Amino acid sequence: MAQTYDAKWFAERLGNRTTRGIARETSALIRSGALPVGSKLPPVRELAFALGVSPATVSEAWSDLRRHKIIGGLGRNGAWVMGDRFAARPLRLASGGNYGPGVLNLASAVPDRALLPSPEAALRHGARAEELNSYERVRILPELEKSIRRTWPYAAAAFLATNGGYNAIYTLLHALLRPGPPVAIEDPTALRLLDILEDLDVPIIPVDCDSDGPCPASLTKALAEKPAAFVFQPRIHAVTGHCMSAARLETLGDILAGSDTLIIEDDGVADISDIPRISLGGRFPDRVIHILSYSKTLGPDLRLAVLSSSATIVEQIQSYRSFSAGWTSRILQSAAAWLLSDPSTAETVELSRGIYRHRRERLAEALARRGVNVDPGYGLSIYVPVASESYAMVTLAARGIAVTPGAKFSTKPTSAIRVATGVLNDELLEHVADSIALACHPQSG
């Protein structure tokens, strides 16, 4: 049976009675072994009384330790020690399988490596980047900014190069958000976005979506809870493949006009489709952060995305980055600028668009012939409603196919699977379609 450590025991050992001090010194007691894994901690009010602080102070300290997976449980009723060290893990991403040989991996909506442009000439150009190997913090190279401004969806005040789209989201949320207020996000959404928000331990408000994007009524309801930010994917939705209409974006803008919520636009699928880029940045330049990732079109090893916002917001994000990397590699920025200006790269991206569209549409057509109707969408996957996620997953696994359950993309109950199509060649199409059709409907008997 786990031992319980009472409030008096803590009061004798915690010298710093601030929120940060309680969290830090409790963590030290756990790491030293004085509080073994499994130990029961006292209720918040009892500990607060013994320490002579407010219950809110202890509750915030416990929340910090829970966020780092050091303790678990509800602080008001007593918590327990879960681990002796901080080891943050993106749980939704980490719960994916490590598929071995013989398994067709349609779980990851990634580009086909054979369809990405060669970076060789671009990297040679990048090796001559302006101010190469300088320790001066550079937000974005002038040549990259010049390249992206030609097609950016609005006239932004400032730009910042980051080490990929999720790095941009992770950095800006840490730089701009404070603990406490909730964040609204479309549902379903990219699982890594949920991982980041759950690691931050912020309340998540799901905003329902339809084929045109976030639903106006759901966003209106979410804004009543005064979220610090609203995160959504303009243009193409990474999970469902749906394309947001310009009319829907305009309606969302009308709703957001009545709030001061930060607006975060995450264009992660980018130019996989030739759907025009859209943004609310021209309407709300002081609180829109627009992010465009180049991983799926130019290559993930470039580790490059660009965000835009007001000069003040970009400065806040850059200031936070100074704690870590400080800047994104000049070599990679310059290489990306070269690729964005290279006619042969544009031809490669255009060719890949057609192949990705072919793969999505062929699978959707094959499923329709089997009585399963889905929207082929515009991205690197299709979203398939199923009667039972668990049945679908087991059925597909038995036939050597890995997909992702809809539950990973939502904070609510779901009944769907996401099937990646970017690497689905024609010779595997009929087997995949047969398997999905079988997985959609549990056999009665």
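Checking Ile185, Ile148, Ile204 one by one, the residue that is farther than 19 Å from Leu249 by Cβ and within 14 Å of the chain's Cα centre (by Cα) is Ile204 and no other. Might you check whether a residue that is under 12 Å from the mean Cα position of the chain (by Cα), part of a strand (DSSP E or B) and not β-branched (Val, Ile, Thr) occurs anywhere in segment 212-225? No: segment 212-225 contains no residue that is under 12 Å from the mean Cα position of the chain (by Cα), part of a strand (DSSP E or B) and not β-branched (Val, Ile, Thr). Taken residue by residue, segment 369-382 has at least one member that is β-branched (Val, Ile, Thr) and within 26 Å of the chain's Cα centre (by Cα). Can you confirm whether segment 144-158 contains a residue that is closer than 26 Å to Leu262 by Cα, part of a loop (DSSP other than H, G, I, E, B), among the hydroxyl-bearing types (Ser, Thr, Tyr) and open to solvent by less than 40 Å² (accessible area, probe 1.4 Å)? Scanning segment 144-158, I find at least one residue that is closer than 26 Å to Leu262 by Cα, part of a loop (DSSP other than H, G, I, E, B), among the hydroxyl-bearing types (Ser, Thr, Tyr) and open to solvent by less than 40 Å² (accessible area, probe 1.4 Å), so the answer is yes. The set of residues from segment 186-245 being touching a Leu at 6+ places or on another chain (Cβ under 8 Å), over 20 Å from Tyr170 (Cβ atoms), open to solvent by less than 20 Å² (accessible area, probe 1.4 Å) and aliphatic (A, V, I, L, M) comprises Val207, Leu219.
Given the options Leu262, Leu280, Leu304, Leu252, name the one that is out of contact with any His (no Cβ under 6 Å at 6 or more places or on another chain), more than 18 Å from Trp152 (Cα to Cα), touching a residue at least 12 places away in the same chain (Cβ under 8 Å) and open to solvent by less than 10 Å² (accessible area, probe 1.4 Å).
Selected residue: Leu252, the only one of Leu262, Leu280, Leu304, Leu252 that is out of contact with any His (no Cβ under 6 Å at 6 or more places or on another chain), more than 18 Å from Trp152 (Cα to Cα), touching a residue at least 12 places away in the same chain (Cβ under 8 Å) and open to solvent by less than 10 Å² (accessible area, probe 1.4 Å).
Here segment 309-337 is the region considered, the condition is being in a helix (DSSP H, G or I) and among the β-branched types (Val, Ile, Thr), and the residue that is nearest to the chain's Cα centre (by Cα) is Ile317.
Output the residue which, of all residues in segment 226-265 that are among the basic types (Lys, Arg) and not in a helix (DSSP H, G or I), is farthest from the chain's Cα centre (by Cα). If you could, list the steps in order and put the result at the bottom.
Taking segment 226-265 as the starting set, the residues that turn out to be among the basic types (Lys, Arg) are 226, 235, 248.
Filter once more, so that each one left must be not in a helix (DSSP H, G or I): 226, 235.
Values: Lys226: 21, Arg235: 16 Å.
Step by step, filter segment 226-265, then rank; the result is Lys226.
If you check Ser381, Ser310 for being among the small types (Gly, Ala, Ser) and either at positive phi or open to solvent by 10 Å² or more (accessible area, probe 1.4 Å) (or both), only one passes: Ser310.
Under the condition of being free of Cβ contacts under 8 Å to residues at least 40 places away in the same chain, in contact with a Leu (Cβ under 7 Å, 6 or more places away or on another chain) and not in a loop (DSSP other than H, G, I, E, B), the residues counted in segment 343-401 number 0.
The values are calculated or read from the model by the stated rules, or taken from the named source; none is laboratory data. These numbers come from a predicted model, not from an experiment. Note: ideal-geometry Cβ built from the backbone for every residue, glycine included; neighbour counts use all protein chains shown. Remember, those area values only see protein heavy atoms, side chains included, never the ligands or the DNA or RNA. Shrake-Rupley method; radii C 1.70, N 1.55, O 1.52, S 1.80 Å.
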